[in-house]
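Nothing in this text is a laboratory measurement; each read-out follows from the coordinates by a stated rule. Owing to the predicted nature of the structure, the values given are computational and were not obtained by experimental measurement. Glycine gets a Cβ as well: all are built from the backbone with ideal geometry, and neighbour counts include every protein chain shown.
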Amino acid sequence: MRHSLTQQDHFGFIDEYAKREVRRATLKAICIPGYQVPYSSREMPMGRGFGTGGLQLTLSMIGPTDTLKVIDQGSDESVNAENIKGFVQQVCSGVHVTNKATEASIVQTRHRIPEAPMSEGQILVFQVPYPDSLVVVEASESKRRVMHSEADYAKLWVKLYEDIVRYGEITISHRYPTEIHGGYVIDPSPIPRYDTARLHQSPVIHLFGAGREKKIYAVPPYTDAKPLAFEDHAFRVESFLDQDGEQASCSVCGAKGVYFDEHYTDDGVVQYKCSDTDFCLQNLTNQKNGQ
Amino acid sequence: MANKVLEVNNVKKVYGSECPDCLQSTGPEHASNICPSCGSIVALGGVSFDLHANECLGIVGESGSGKSTLVKSLYFDQSVTSGKAWFTDQQGERIDLFAQHAAQQRWLRNNRLGMVYQNPHIGLNFDFTVGGNIAERLLMGGSRNYAKIRSSVQSYLEKVEIPLARMDDMPADFSGGMQQRVQIAKALVTKPSLLFLDEVTTGLDLSVQARILDLILQLRYDLDVAMIVVTHDLGVVRLLADRTIVMKNGQVVEGGLTDQVLHDPQHKYTQRLISSEL
């Protein structure tokens, strides 16, 4: 039966016991950087795969004085982002929502880190479809757990080795395996390489919630996050070049050196636009105001 | 005599509940390794032997005698019920094998020991290329330089006579003999001081068997590695092993220099084995 929200619904939708459990798992995840903490992921009034893990993290932490930003692949206006924002506003009275990353105390995100530099005290909550970096090389979860506990990532390294053999470089575009604090190797959710590099020594608390897979893990502030790479094949982020081979700029705001979405015009020309819509809009506003 | 690489002392492996009668009521003299009191299977009933540096020890016996259980226990594929095994590595450190925790055992497997299985599907990962399989051992050991890894892989594939043009092919595309040679390269690429060979030539045709055995012999002298060769083929131990122990029903019935064991067998079972009366 479809759940209808009522006045009797608890602040933050999930009950206090469930919130405490998520918080305990979160604290453990922060204490053991990169370790996947199992938790009893609750049913949410949205389908698994639509951000239920991230949402449970957000709802377990959020309070009336918090300000929330939700983005979906950099966009504040996508259906997923709007739905989650709307839901949180319904079940968390008093919570403010914003599009500005710098104003938000909690940013729930799907597949991007906001372009605007974030600061200490802010929390970035990732919606994670596949939490385990080893799932691409080992199907059995019990074996994966042993491999993680023994830091046995050789099979993952073989995958990188074979990528170089076949293509001359490592071709993983997103979910790039990243070693956290010299220990566990995480799947940093499907963020692009550009964002993977930004996890390193970031002042923000990064929390990763996988609702379907029932796992929470974290990259605490000022923690080493090292994407796996060979000594002679360094990790590199995406490069966006225009037709002249120069660094591309956003076709809307003119920004350079940020992560772009790629568009093709009717005559087949590639155009780039900032993936982070709020960042792009701020740039335009600043330009109009002459800043 | 050179230093001991391995000292195995009174190793037991019992499948089942184990009772006080298990050891007394099983073994060659009882012609069974099933305890009549509790029904437990005594796979290893107190096996002891030493292995010296650069030495090749043959372990022969019929199917079910416990020879594979013994090497699989020493390679941590199986746990033992009791007993000790001391391994001395290249640096002279003496390691109590069965007292190591899982991560230490894995480290030893990857860096100090090597194993070639009878079945390549156990020894090789068929989802990776041949080169990737060999590289995996180096990556487990912490190598992170692609060019050096590639070069080591090539060098060991050359040693086992695999054409380099095929190093990026999948193992499934290789013949049985080639898969065994890839296993040997994989086992040796980390320069272990002790190599286990578990029925490496079983199931291969005679010409391929001969090539594999020649290769092992050559590598043994080139790489100065101690070996334990498990086989039921007496020709294999005659060619490879300096010393041989004979196992039956989980116990060692006879041991000595290979020539001595093969030409002047003392135990009745060994005599029957050699005269192929079995």
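A few remarks follow.
- Taking every DSSP bridge with both residues inside the protein assembly as shown, close to 55 percent are antiparallel.
- Fewest-first ranking of A:L55, A:L124, using other Cβ atoms within 10 Å as the exposure measure: A:L124, A:L55
- With 32 Å as the limit, the listed pairs A:K69/A:K273; B:K84/B:K248; A:K69/A:K155; A:K215/B:K67 have A:K69/A:K155; A:K215/B:K67 beyond it between alpha carbons.
- Positive minus negative residues near B:R112 (Lys, Arg vs Asp, Glu; Cβ under 13 Å): +3
- Overall dimensions of region A:144-291, expressed as equivalent-ellipsoid semi-axes from the Cα gyration tensor (√(5λ), whole Å, largest first), are 33, 21, 13.
- Percentage relative contact order, chain B, counting C-alpha pairs under 8 Å, at least six apart: 26 percent
- Radius 12 Å from Cβ of A:V269, net charge of other residues (Lys, Arg +1; Asp, Glu -1): -4
- On full extension, the segment bounded by B:R94 and B:K148 gains 16.4 nm, given 0.36 nm per residue less the C-alpha separation.
- The mean number of partner chain beta-carbon atoms within 10 angstrom of a residue's beta-carbon across peptide B:144-151 is 5.
- Relative contact order computed over chain A (Cα-Cα under 8 Å; 6+ residues apart), in percent: 20 percent
- Cβ-placed point charges (K, R +1; D, E -1), dipole of chain A about Cα centre in debye, nearest 20: 1080 debye
- Spacing of the modelled spin labels on B:L206 and B:M170, each 7 Å from Cα toward Cβ, amounts to 3.5 nm.
- Projecting the Cα atoms of B:L23, B:L204, B:L70 onto the charge dipole of chain B, computed from C-beta unit charges around the Cα centre, puts B:L70 farthest toward the positive end.
- Region A:240-291: relative contact order in percent, alpha carbon pairs under 8 Å with at least 6 residues between: 29 percent
- Residue-wise HN-Hα coupling along region B:230-238, computed from phi with Karplus coefficients 6.51, -1.76, 1.60 (Hz; x: Gly, Pro): 9, 7, 10, 9, 5, x, 5, 5, 4
- This ranking places B:F126, A:F208 by how few other beta-carbon atoms lie within 10 Å of each, fewest first, which gives B:F126, A:F208.
- Here's how it looks for B:D169: its modeled amide H is under 5 Å from those of B:V130, B:G131, which are all 5 or more places away or on a different chain.
- Cβ-Cβ FRET estimate between A:K256 and A:K226, R0 fixed at 22 Å, reported to 0.05: 0.25
- Over all Cα atoms in region A:240-291, the spread is summed up by Rg and Dmax: 11.5, 34 Å.
- A:L284 sits among other residues whose Cβ lies under 12 Å from its own Cβ, and their net charge, with Lys and Arg +1 and Asp and Glu -1, is +1.
- Cα gyration tensor shape for chain A, rounded if a/c is under 1.5, else prolate or oblate: oblate
- Within 10 Å of the Cβ of each residue in A:140-151, the mean number of Cβ atoms contributed by other protein chains is 1.
- Cysteines without a disulfide-compatible partner [chain B; Cβ-Cβ under 4.7 Å]: B:C56
- Residue-wise HN-Hα couplings along region B:244-254, as the Karplus relation 6.51 cos²θ - 1.76 cosθ + 1.60 with θ = phi - 60° gives them from phi, are 9, 10, 10, 10, 8, 6, x, 10, 7, 9, 7 Hz; Gly and Pro carry x.
- Phi angles across region B:205-222 convert, under the Karplus curve 6.51 cos²θ - 1.76 cosθ + 1.60 with θ = phi - 60°, into 3J(HN,Hα) values of 6, 4, 5, 5, 3, 4, 5, 5, 5, 4, 5, 4, 4, 5, 5, 4, 6, 5 Hz, Gly and Pro given as x.
- A:T265, A:T26, A:T58 arranged by Cβ crowding within 10 Å, fewest neighbours leading: A:T265, A:T26, A:T58
- Where the Cα pairs of the protein assembly as shown fall when distances are cut into 20 Å bins, in %: 18, 38, 27, 15, 2, 0
- Nitroxide proxy distance, nm - points 7 Å out along Cα→Cβ at B:D127 and B:Y221: 4.2 nm
- Prolate/oblate/rounded label for region A:21-118 (Cα gyration tensor, a/c 1.5): rounded
- Where both bridge residues fall in chain B, DSSP classifies roughly 55% of the beta bridges as antiparallel.
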